[in-house]
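The values are calculated or read from the model by the stated rules, or taken from the named source; none is laboratory data. Just so you know, these numbers come straight off a predicted model, no measurement behind them. As a convention, Cβ positions derive from the backbone with ideal geometry for all residues, glycine included, and neighbour counts pool all protein chains shown. Surface accessibility is based on the protein's heavy atoms, side chains included, excluding ligands, DNA and RNA. Shrake-Rupley method; radii C 1.70, N 1.55, O 1.52, S 1.80 Å.
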Amino acid sequence: MKNRKLIALDLDGTLLDDQKNISSNTKKYLKELEDRGHIICLTSGRPPRAIKPHYDDIGLKNSPFIGYNGDLIYDVLKDKTTVFKSIPISFISCFFKHFDFYKFPYIAGEDLSHLYLNVADILFDDFLHPDGIQVVVGQMPYTIVNDLEAFFFKTYDNNQDEIKKFTSKHKDVEVRFWYDRPEFGEFYPANISKEVGLKEVAKNYNIEREDIIAFGDGNNDFEMLDFASTSFAMKNGAEKLKQQNKHVTEYTNNEEGVYRQLKKILG
C-alpha cells in the first residue's frame, strides 16, 4: 500500500477514556484505517493479555501490538511473541533484601507465566488482567524464581528518593514513577522503551520513520513520541510531555482526542 502509516497508540490516558473504554467512533475509525492497509499498533505498559481485549474490542486483525513499555511485541498474524530483555532475578533479590517487604502496600511482578502479588487486591485487575495467568499471592521474596518482565509497586513519598538511589547502583534496571499517580512506580530493563518496540515493528512491516504517527500521555511515551515523525501528546497528558512535544491534541482522552486528530490527518 502506498503511503501506508504505522499508527502507535498508547492505551491508558490516550486511547482509553477515564472509564477504560474506547468510544464507538474511535473503534469504527481505527478498524477502517486497518482495512485501508494502515498498521494500528497499540502500545502499553500493560502485559499482552491486558492489551488483547482492547485489540479485539476495536476489531483489529492484522496489526501487532507492543506490551511492557516496548519490551514485548506480539505479532497476531504469526502468533509470535518477541521479548527483548527482562528484569534480572538478582535485582529482585537485592530489592527485597534492601527494602522492608511489609512497608509496600502493593507490589506486583510477573514473568510470562506467573503474576506475583504481595496482597490479593483488585487495585490493578484492569491493568494487569489476571485472568489467563497463574496468580501467586504471598511471600514474593520467596515465590519469585525467574527473571521478570514487569514489576510495579505502590510506595510512600519518602521512599522514592531511596528507591531511585538504590536503582542507580544496578546498571541493568531503571525506575520511573507515574506522572498522574506518583505514589506508583515501576522497574523496567535498562534501555528499553516504547521506541525500541516501535522501531522493531517498523522494520518488520517496512515502514519508514516519516510514515509513523504516535500518540501518548505519560512519561513512558517520551521516546516513542520523539522517534515518530508525527506525534501528539494528549491534551490531558503530563505537562513535561506536552512541553517537549511539537504537537498536542485539541481534545482529551475523554473527548475522542485520538479519533478527532487522526481524522484530520488521514481523512
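The table for this structure:
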| item | result |
| --- | --- |
| Dipole magnitude of the stretch 120-180, debye to nearest 20 (Cβ charges: Lys/Arg +1, Asp/Glu -1, about Cα centre) | 360 debye |
| √(5λ) per eigenvalue of the Cα gyration tensor, the chain, largest first, Å | 32, 19, 17 |
| Selection from Ala214, Ser168, Phe104 lying farthest towards where the dipole of the chain points positive, charges on Cβ | Ala214 |
| Part-to-part distance (alpha-carbon centres) for the stretch 35-49 and the stretch 67-100, which is given in Å | 19 Å |
| For the stretch 110-267: Kirkwood Rh in Å [reciprocal of mean 1/r, alpha carbons] | 17.9 Å |
| Of Lys5/Lys242; Lys85/Lys194; Lys31/Lys52, those spanning more than 18 Å from alpha-carbon to alpha-carbon | Lys5/Lys242 |
| Mean shadow area of the stretch 40-98 over all directions, Cα convex hull, nm² | 4.6 nm² |
| Evaluated at q = 0.14, 0.15, 0.16, 0.28 Å⁻¹: base-10 log I(q)/I(0), Debye formula over Cα of the stretch 118-174 | -0.54, -0.62, -0.70, -1.29 |
| Highest-first arrangement of 29-35, 77-83, 234-240, where packing means the average Cβ count within 10 Å | 234-240, 29-35, 77-83 |
| Solvent-accessible area per residue, Å², over the chain with all protein chains present [probe radius 1.4 Å] | 46 Å² |
| Debye log10 I(q)/I(0) for the stretch 1-125, one point scatterer per Cα, at q = 0.10, 0.17 Å⁻¹ | -0.41, -0.95 |
| Antiparallel bridges, percent of DSSP beta bridges restricted to the chain (to nearest 5) | 55 percent |
| Centre separation in Å (Cα based) which lies between the stretch 203-266 and the stretch 177-202 | 15 Å |
| Selected from Arg49, Arg209, Arg36 as most flexible by GNM, with the chain as the system and alpha-carbon contacts under 10 Å | Arg36 |
| The chain - charge dipole about Cα centre, Lys and Arg +1 at Cβ, Asp and Glu -1, debye rounded to 20 | 720 debye |
| Helix 24-35 vs. the chain, principal-axis angle (Cα, 0 to 90°, nearest 10) | 70 degrees |
| By average C-beta atoms within 10 angstrom, highest first, the peptides 250-256, 96-102 | 250-256, 96-102 |
